[in-house]
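Everything below concerns the one structure shown next.
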Ligand code: G3I
């Protein structure tokens, strides 16, 4: 195989990219996406502020554009994300507990119903835990007003809305074994023990010199898989360049391939110039869509040439 998507498919995995609707009209962007990737994640278009900017009023057109593009190309779609403290419209934060619960469940239900049958995996809840050593929940309107039970409630509502979509919990700085990933692990173990519907855990995998690929990355993916959930690498980017960056990318891909329940990898953008990181070169393609050494390392780790 000579593309990322085809090489990953030979290993039984998808290889995806975060996509922005406003770049789809750029010929080289679309050509690279269509040639290389088998899955897409809308980078911003399925967030709450984009889909329900005012209460009960939904605007699906930008997200629909990405889903339509993906369908036309035979790509699967990751839904990102239903319940998150960021990119949350102001009206949500102003609700009292009872209205907030209703609004959260309505948002999940409306969005998942709109996309029923079109989304492979949903990030039902994103980034609900604090950084640092506490293992505590992050303060958010959901956490502060609804308490710890909001995550369970969101997953139960999601399952009722679309029983075929895989339901994921997604977070960052949980890529290695640490206090934060231990807290997520404890939650997932509890959910599985009590029959709370959860199918997958997403490891964002935003790496940089201060937060390099952890040496226990594969072991961490494996311990979650051993709980009976799939694991996915959901937002991969690695700050760096040249062979060092390539080596890191290769290690990430090999870690996923070594874990049978690691079902796919998504990179958080296509060319460096569209990365969310305002400076740096964290992706697989340069600004002119040339393949970087990191691309070659990924393709080769996937068994392609
Ligand atoms: O849409 C507005 C536009 O109308 C306005 O003119 C422009 C001016 O700043 O801003 C636009 O919104 C920006 C939006 O991206 C769409 O381009 C926001 O300012 C900007 O903050 C937002 O950044 C996104 C970020 O999430 C916000 O939290 C990044 O593109 C996106 O890559 C990033 O993705 C997150 C994942 O969802 C969750 N994990 C971390 C990851 C990286 O931060």
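A few points about this structure:
- Candidates 192, 273, filtered to the one that is in a helix (DSSP H, G or I) and within 14 Å of the ligand (Cβ to nearest atom): 273
- Search result, residues across the stretch 273-288 that are crowded, with 17+ Cβ neighbours inside 10 Å and touching a strand residue (DSSP E or B) at 6+ places or on another chain (Cβ under 7 Å): 275, 282, 283, 284, 285
Residues are listed down the side, and each one gets a yes or a no for (1) surrounded by 17 or more Cβ atoms within 10 Å (Cβ to Cβ); (2) more than 21 Å from residue 232 (Cβ to Cβ):
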{"site": "15", "(1), (2)": "yes, no"}
{"site": "36", "(1), (2)": "yes, no"}
{"site": "42", "(1), (2)": "yes, no"}
{"site": "45", "(1), (2)": "yes, no"}
{"site": "72", "(1), (2)": "no, yes"}
{"site": "78", "(1), (2)": "yes, no"}
{"site": "83", "(1), (2)": "yes, no"}
{"site": "86", "(1), (2)": "no, no"}
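- Residue match in the stretch 51-61 (condition: within 16 Å of the ligand (Cβ to nearest atom), surrounded by fewer than 21 Cβ atoms within 10 Å (Cβ to Cβ), outside any helix (DSSP H, G or I) and free of Cβ contacts under 8 Å to residues at least 12 places away in the same chain): yes
- When every residue of the stretch 92-104 is checked against the conditions, none turns out to be in a strand (DSSP E or B) and crowded, with 18+ Cβ neighbours inside 10 Å.
- Among the residues of the stretch 222-245, at least one is farther than 24 Å from residue 76 by Cα, crowded, with 20+ Cβ neighbours inside 10 Å and more than 19 Å from the chain's Cα centre (by Cα).
- Complete set of residues in the stretch 77-93 that are within 10 Å of the ligand (Cβ to nearest atom), touching a helix residue (DSSP H, G or I) at 6+ places or on another chain (Cβ under 9 Å) and under 15 Å from residue 62 (Cα atoms): 81
- Some residue of the stretch 63-78 being within 14 Å of residue 169 (Cα to Cα) and in contact (Cβ under 8 Å) with a residue 40 or more places away in the chain: yes
- Residue in the stretch 257-265 that is within 26 Å of residue 27 (Cβ to Cβ) and either more than 16 Å from the ligand (Cβ to nearest atom) or surrounded by 19 or more Cβ atoms within 10 Å (Cβ to Cβ) (or both) present: yes
- Looking across the stretch 23-39, just one residue is touching a helix residue (DSSP H, G or I) at 6+ places or on another chain (Cβ under 7 Å), away from the ligand (no atom under 16 Å from the Cβ) and assigned to a helix (DSSP H, G or I), and that is 36.
- Leading residue by the ranking (farthest from residue 89 (Cα to Cα)) among those in the stretch 117-172 that are within 15 Å of the ligand (Cβ to nearest atom) and surrounded by fewer than 17 Cβ atoms within 10 Å (Cβ to Cβ): 131
- Residues that are over 23 Å from residue 124 (Cα atoms) and part of a loop (DSSP other than H, G, I, E, B), drawn from the stretch 195-248: 209, 210, 212, 213, 214, 215, 216, 239, 240, 241
- The listed residues are 20, 8, and the only one of them that is crowded, with 19+ Cβ neighbours inside 10 Å and either in contact with a helix residue (DSSP H, G or I) (Cβ under 7 Å, 6 or more places away or on another chain) or touching a residue at least 40 places away in the same chain (Cβ under 8 Å) (or both) turns out to be 8.
- Subset of the stretch 64-76 (residues that are within 15 Å of the ligand (Cβ to nearest atom) and in contact with a strand residue (DSSP E or B) (Cβ under 6 Å, 6 or more places away or on another chain)): 66
Only the coordinates and a few stated rules stand behind these numbers; no lab work does. On a predicted model such as this, the values are computed, not experimentally measured, just so you know. Quick reminder, even Gly has a Cβ in these numbers, built from the backbone with ideal geometry, and neighbours come from all protein chains shown.
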